[in-house]
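K.L.:
If you scroll down you'll find the structure; I have some questions about it.
The values are calculated or read from the model by the stated rules, or taken from the named source; none is laboratory data. Computed from a predicted structure; not experimentally measured. Neighbour counts are summed over all protein chains in view; Cβ atoms, including those assigned to glycine, are modelled from backbone coordinates with ideal geometry. We work out accessible area using only protein heavy atoms, side chains counted, and drop any ligands, DNA or RNA first. Shrake-Rupley method; radii C 1.70, N 1.55, O 1.52, S 1.80 Å.
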Amino acid sequence: MKTKPPVMSVELKAALNAVGEKLYNGKALQGEVEAVIRLLDELSPLSVTLVSGAIRNEANLFGAVKTQPFWKSLVTPLSHRDQLHNTPGLELLFLFHGNGQLRELALEKITQGLVSPFWVAAVLFRMNDWAVQVRKSANRCVERVLPVTPPHLLAKVALTLFPRQGEWGRWNDAGQTLARSLMTRPDISAEFATLLMSNTAGPVPTAFRLALRTPWLDTYLSDIASHATNPIVRAIAVETLLQGAARWRSGYEHKWLDKRYNITQLVPVYTSRTLDIAPQPELIAKMAITDRSAFVRRTVLQCADRHTIPAELSRTCAQHLTNDPDKSVRDLTAFILRKG
């Protein structure tokens with residue numbers, strides 16, 4: 001029977017325990033916070049939701065401070081609020097605190113650019129906090145720190161979090177719009193396009209679809225269509241360029257199958273926008289029909305079948321793919337030639 005991999009490393013757990021011990025005993029923190037921050041810097045932004053509970057437990061982020069015996073009452077132990085005020089860097093760790101007021105104070109204390117994708121994701125995750133005051137503080141923090149965070153870090157977070165933006169049920173449309181507007185700045189688009197072209201693992205195509213909601217990647221679509229490693233990403237770029245419009249799934253709706261028996265089917269709803277660049281369907285189609293992936297070549301024929309490219313260009317592409325090594329491409333080619 002397979003066992004689940006540990007949520008965090010032994011080294012990280014020991015560092016969190018060292019912080020938790022001093023927080024519980026009310027003693028001033030020194031180098032313990034820096035050690036924890038350094039180890040958390042290395043985590044993936046996707047791990048924020050996985051490790052949040054473990055961080056809270058291992059570091060004693062519940063506000064509890066050990067009661068001192070009466071003969072030590074002259075030495076007042078430091079509360080968690082005192083520790084947050086006195087210790088640089090502790091505001092990042094307190095993003096996972098069990099006390100909502102301390103999470104809010106931690107967010108207000110963060111004023112500098114973030115140093116790793118993990119902390120960008122941690123701040124964004126607080127926009128989905130159960131406490132309204134914390135969500136408002138997170139919105140202010142995002143407006144304050146994302147503009148001064150390095151673009152390559154934001155591009156990495158965007159690639160991993162875009163496909164999951166619908167899973168956070170508490171942040172409203174305004175919060176999503178705010179985060180998306182700050183993470184789709186023009187200076188991030190080049191970094192994001194580079195990641196799209198080089199990454200093959202994970203939900204890269206989904207992230208690409210959702211990123212097309214705004215025109216920040218329009219000028220890079222040709223490069224993505226020709227140089228992306230993932231064939232699905234190349235196919236999405238080809239389809240978008242041939243249609244002259246970006247298309248993404250915006251939600252779901254119930255479609256009637258039989259009203260008499262109240263039978264419905266949940267179907268996706270798609271939204272589209274026109275590209276901000278001049279279309280060059282002939283250039284893109286001739287490049288795509290020579291692509292090494294049958295998926296990309298078939299995408300050109302599907303666009304031809306939907307009449308999203310000129311009829312003459314459709315016939316030219318179909319004739320070129322008559323003897324394609326992939327059977328599905330040959331079948332679709334024969335269908336288009338018979339029809340047209």
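K.L.:
Give the carbon-plus-sulfur fraction of the accessible surface of the chain in %, rounded to a whole number; probe 1.4 Å, heavy atoms of protein chains only.
P.N.:
Details: 9770 of 17810 Å².
About 55 percent, which is the carbon plus sulfur part of the accessible surface.
K.L.:
A further question follows. Once you charge only the Cβ atoms, +1 for Lys and Arg and -1 for Asp and Glu, what is the size of the charge dipole of the chain about its Cα centre, to the nearest 20 debye? Intermediate results must be reported in sequence, preceding the final value.
P.N.:
Numbers: 41 positive and 30 negative charges, 182 e Å.
The calculation lands at about 880 debye.
K.L.:
Near the amide H of PHE62, under 5 Å away, which other amide H atoms are found, from residues 5 or more places off or on another chain, if H is placed in the peptide plane?
P.N.:
The list, which skips near neighbours in sequence, is GLY98.
K.L.:
Further question: At 0.36 nm per residue, and after removing the present C-alpha to C-alpha distance, how many nm does the segment from LYS286 to ARG164 gain when stretched out fully? If you can, show how the numbers build up before the last one.
P.N.:
On the way: separation 122, 0.36 × 122 = 43.92 nm, distance 3.47 nm.
Once the chain is fully extended between LYS286 and ARG164, it gains 40.4 nm.
K.L.:
Shape of region 1-154 from its Cα gyration tensor (a ≥ b ≥ c, root eigenvalues): rounded if a/c is under 1.5, otherwise prolate when a/b > b/c, or oblate? Let's see the in-between values first.
P.N.:
On the way: a/c = 1.84, a/b = 1.30, b/c = 1.41.
Oblate shape, in that a/c is at least 1.5 and b/c is the bigger or equal ratio.
K.L.:
With a 1.4 Å probe and all protein chains left in place, how much accessible area per residue does the chain have, in Å²?
P.N.:
Details: 17810 Å² over 340 residues.
With all protein chains present, the chain gives 52 Å² per residue.
K.L.:
Report the chymotrypsin sites (Phe, Trp or Tyr not before Pro) located in region 77-140 that are in a DSSP loop and have at most 16 other Cβ atoms inside 10 Å of their Cβ, or state none. Before the final figure, lay out each step's value.
P.N.:
Details: sites: PHE94, PHE96, PHE118, TRP119, PHE125, TRP130; in loops: TRP130.
Counting only loop positions with at most 16 other Cβ atoms within 10 Å, the chymotrypsin sites (Phe, Trp or Tyr not before Pro) in region 77-140 are TRP130.
K.L.:
A further question follows. Helix 100-109 sits at what angle to the longest principal axis of the chain, using alpha carbons and giving 0 to 90 degrees rounded to 10?
P.N.:
80
K.L.:
Go ahead and run the numbers for FRET between HIS320 and ARG273, Cβ-Cβ distance against an R0 of 25 Å, rounding to 0.05. Numbers along the way, then the final one.
P.N.:
Values: r = 31 Å, r/R0 = 1.22.
So the FRET efficiency works out to roughly 0.25.
K.L.:
Continuing with this model, one more query. Which of ILE236, GLN112, VAL36 sits closest to the plus end of the dipole of the chain, meaning its Cα is farthest towards the positive end, when Lys and Arg get +1 and Asp and Glu get -1 on the C-beta?
P.N.:
The residue sitting farthest along the positive end of the dipole is ILE236.
K.L.:
What's the Kirkwood radius of the chain in Å, using all Cα pairs?
P.N.:
On the way: mean 1/r = 0.0430 Å⁻¹.
Kirkwood hydrodynamic radius for the chain: 23.2 Å.
K.L.:
Let me ask you something else. How much of the pair distance distribution for region 196-340 lies past 28 Å, counting alpha-carbon pairs only, in percent? Show your work: numbers first, answer last.
P.N.:
Numbers: 2770 of 10440 pairs.
Result for the distance tail: 27 percent.
K.L.:
Roughly how tilted is helix 48-58, in degrees to the nearest 10 and between 0 and 90, from the longest Cα axis of the chain?
P.N.:
For 48-58 against the chain, the angle is about 10 degrees.
K.L.:
Calculate, in nm to one decimal, what LYS136 and ARG185 gain on full extension: separation in residues at 0.36 nm each, minus their alpha carbon distance. Don't skip to the end; give the middle numbers.
P.N.:
Working: separation 49, 0.36 × 49 = 17.64 nm, distance 2.21 nm.
Net length gain for the segment: 15.4 nm.
K.L.:
If contacts are Cα pairs under 8 angstrom and at least 6 residues apart, what is the relative contact order of the chain in percent?
P.N.:
Numbers: 493 pairs, mean separation 33.7, N = 340.
Relative contact order, the chain: 10 percent.
K.L.:
Right, here's the next one. Just subtract the alpha-carbon distance of LYS27 and ARG306 from 0.36 nm times their residue separation and send over the number in nm, one decimal.
P.N.:
Working: separation 279, 0.36 × 279 = 100.44 nm, distance 6.93 nm.
Full extension of this stretch gives 93.5 nm more.
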